[in-house]
Amino acid sequence: MNIHVLPSDVASQIAAGEVVERPASVVKELVENALDAKAHSIDVEISNAGRSLIQVADDGCGIPAGELRLAVERHATSKLNTAADLFRIATLGFRGEALASIGSVSRLTVISRTADAVAGARLFVEGGHIGKVEQIGAPLGTMIRVEDLFYNVPARLKFLKQDITERRAIDNLLARYALAYPYVRFRLIEGNTISLQTTGDGDRRSILAALYGVDVARQMLEVSMQEDECSLEGYISPVALTRSNRREITFFINGRWVQDTPLNSALMQAYHTLLMVGRYPIAVLLLNIPAEEVDVNVHPAKAEVRFRNQDQIFGLVLRSTRRTLLAFTPVPAVASQNLWTNVPERSQSMDPAWSLGHDPVGPTSTQDESTEPFQQKTLTNLPLLRLIGQIGASYLVAEGPDGLYLIDQHAAHERVLFERLMAQAESSKINSQALLAPVVLDLPPASARLLNDQLPYLGKFGFQVEPFGANSFQVRGMPAMFGSTDPAAALRALVEDFEEDETPLKDEIEAKIAGRVCKRLAVKAGQVLSVEEQRALLNDLENCASPRTCPHGRPTMIHLSVAMLELQFGRKGPR
Ligand code: ADP
Ligand code: MG
């Protein structure tokens with residue numbers, strides 16, 4: 001093939017690929033345009049998670065009829081003149097690419113009216129072909145309608161995730177912009193339901209409540225710090241309120257949502273030693289610094305930025321969040337949090353009758369060691385182990401034919417319970433216990449949709465949960481083995497597990513539910529076990545199909561072989 005310049009429709013599809021990856025990226029560009037137009041109110045309407053329709057209507061300054069065709073051309077913008085402007089950008093847009101990109105991969109309609117125009121104007125773009133501007137009656141502001149996204153790029157369509165995932169990306173995006181722009185009224189509508197609505201009255205905490213529930217919103221700590229020309233504002237969670245993923249850490253830099261930033265590590269450093277490994281805070285932080293201090297022209301979707309003076313900004317974030325945390329966290333509590341966050345008191349987590357050796361899950365066929373056929377043990381690929389004892393109230397020590405085994409009692413018990421529970425769920429043997437009074441659980445919209453999808457699976461494990469109005473559920477029963485666990489907390493923890501994984505398969509869903517249940521019920525690190533309990537645990541582990549890892553994939557045991565011991569003691573060594 002000889003070298004040739006690409007036809008313009010091909011070139012613009014390539015460019016579009018950088019800006020428009022999924023429905024949420026369209027929403028982001030359109031919302032940013034509305035914000036740049038100084039809108040006070042932004043209505044987003046979608047159907048099929050944005051695949052068939054994304055419509056964003058604002059009451060901003062509008063686009064003059066004479067500039068409408070330009071607005072949808074590539075590299076056409078009202079926000080930038082000279083190259084020097086690139087280094088002091090005060091608007092969210094500046095590349096002049098969004099509308100052109102969106103127009104090249106969808107059917108786009110723009111309707112707009114400026115304050116001084118008597119009528120509005122409308123323009124269609126279909127797969128990059130720009131139509132004629134027509135006069136039409138329209139309210140002040142701009143309405144952009146994107147239909148059939150990627151209808152002409154089937155390859156892109158294939159890469160879209162399930163509706164629920166794409167939808168969640170849109171929910172999360174709008175929620176974050178709502179938090180960053182509390183004086184703008186946001187609405188997200190699908191069909192007849194409004195799933196997000198803010199008042200625009202500037203009250204961030206009420207938006208937090210809409211997103212995370214009143215409980216979480218009340219606990220969040222306010223950060224507010226001004227240093228020279230820089231300021232940091234927002235909310236961070238106290239050390240006791242954590243998530244299992246980083247997804248709830250949000251930074252806005254000069255009004256722009258920036259996902260991948262070294263500031264995330266500054267925040268994590270502020271929590272250093274205060275959180276358990278694998279736990280992350282919830283945070284919404286808004287950094288404002290002089291425009292010249294930050295280069296936003298690094299990434300086509302503008303999701304990354306560079307700082308002129310990164311250390312200074314890093315320090316600012318670290319200091320102000322750390323100060324907030326320490327001010328709100330009594331020091332002794334921190335120390336104990338550090339070790340046992342998430343580990344409830346023994347009396348709460350385990351009914352005394354469920355101590356190890358007794359069966360917390362109910363009768364099973366594999367439990368009783370005296371009736372256990374010998375053959376089953378050889379199947380487990382664990383050698384026969386002789387118990388030596390417990391150390392640190394957390395690990396069992398055992399001897400095998402080839403050295404020493406250290407067993408994590410919590411992980412091992414999780415594995416034992418997990419296999420038992422999965423088998424019982426399979427044969428519908430899990431008992432549900434009705435609550436004396438049903439509990440109502442309110443969730444943020446995205447989490448509510450997640451939980452809704454898992455309801456049939458939850459039933460199998462003894463959770464009786466029913467939808468109860470928009471984003472609410474009624475919990476009527478819990479697995480009997482849960483005892484007096486707080487039902488709302490247990491379900492929230494479950495939802496959190498699903499948030500980590502965008503689109504779990506059916507089998508994974510059940511495994512996840514079982515995994516979470518086991519985590520709650522398993523004996524904890526720090527719990528002293530009697531010799532009988534230790535022996536029972538070891539024996540149960542030997543009978544597991546996959547004894548070497550816990551349901552979450554972490555090892556249950558460490559093996560120190562005789563050869564390795566000899567090496568370590570200098571008896572034998574590599575020559
Ligand atoms: P950019 O935002 O980078 O300038 P876009 O392609 O997103 O590029 O938009 C092109 C131009 O169209 C903008 O510079 C702006 O003048 C105009 N525009 C787009 N959306 C709106 C809107 N909602 N209200 C007013 N003007 C808009
Ligand atoms: Mg733009």
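The values are calculated or read from the model by the stated rules, or taken from the named source; none is laboratory data. Just so you know, these numbers come straight off a predicted model, no measurement behind them. Please note: Cβ atoms are built from the backbone with ideal geometry, for glycine as well, and neighbour counts cover all protein chains shown. All accessible areas refer to the heavy atoms of the entire protein, side chains included, with ligands and DNA or RNA removed. Shrake-Rupley method; radii C 1.70, N 1.55, O 1.52, S 1.80 Å.
Structural remarks
- Residue match in the stretch 65-84 (condition: of a type in the set (G, A, S), away from ligand 2 (no atom under 12 Å from the Cβ), within 14 Å of G141 (Cα to Cα) and open to solvent by less than 30 Å² (accessible area, probe 1.4 Å)): no
- Scanning the stretch 4-30 for residues that are within 9 Å of ligand 1 (Cβ to nearest atom) and touching a Phe, Trp or Tyr at 6+ places or on another chain (Cβ under 8 Å) gives no hits.
- The single condition among (1) within 7 Å of ligand 1 (Cβ to nearest atom); (2) more than 22 Å from S41 (Cβ to Cβ); (3) assigned to a strand (DSSP E or B) that I144 does not satisfy is (2).
- Exclusive hit being open to solvent by 20 Å² or more (accessible area, probe 1.4 Å) and either part of a helix (DSSP H, G or I) or of a type in the set (V, I, T) (or both), set V223, V239, V277: V277
- Options A65, A49, A71: the member that is within 9 Å of ligand 1 (Cβ to nearest atom) and either in contact (Cβ under 8 Å) with a residue 12 or more places away in the chain or touching a helix residue (DSSP H, G or I) at 6+ places or on another chain (Cβ under 8 Å) (or both): A71
- A residue that is more than 17 Å from the chain's Cα centre (by Cα) and either more than 25 Å from D228 (Cβ to Cβ) or of a type in the set (K, R) (or both) can be found somewhere in the stretch 282-300.
- Subset of the stretch 87-114 (residues that are more than 12 Å from ligand 1 (Cβ to nearest atom) and open to solvent by 40 Å² or more (accessible area, probe 1.4 Å)): F87, R88, A90, R107
- Residue count, the stretch 50-64 (criterion: of a type in the set (D, E, K, R) and either in a loop (DSSP other than H, G, I, E, B) or more than 16 Å from ligand 2 (Cβ to nearest atom) (or both)): 2
- Qualifying positions in the stretch 32-46 - charged (D, E, K, R) and within 9 Å of ligand 1 (Cβ to nearest atom): E32, D36, K38
- Counting residues in the stretch 1-23 that are small (G, A, S), in contact with a strand residue (DSSP E or B) (Cβ under 6 Å, 6 or more places away or on another chain) and either open to solvent by less than 70 Å² (accessible area, probe 1.4 Å) or farther than 23 Å from T77 by Cβ (or both) gives zero.
- Note on the stretch 486-506: residues that are modelled with pLDDT under 75 and part of a loop (DSSP other than H, G, I, E, B) amount to 5.
- Filtered by the rule that a residue be out of contact with any strand residue (DSSP E or B) (no Cβ under 6 Å at 6 or more places or on another chain), of a type in the set (G, A, S) and at pLDDT 90 or above, the stretch 180-215 gives a lone residue, G202.
- From the list A117, A121, the lone residue that is in a strand (DSSP E or B), over 36 Å from the mean Cα position of the chain (by Cα) and more than 9 Å from ligand 1 (Cβ to nearest atom) is A121.
- Residues of the stretch 37-53 classified as open to solvent by less than 30 Å² (accessible area, probe 1.4 Å) and either more than 19 Å from W257 (Cβ to Cβ) or touching a Leu at 6+ places or on another chain (Cβ under 7 Å) (or both), total: 6
- Checking every residue in the stretch 170-186 against the condition of being without any contact (Cβ under 8 Å) to a residue 60 or more places away in the chain, within 21 Å of the chain's Cα centre (by Cα) and under 20 Å from L325 (Cα atoms) gives zero matches.
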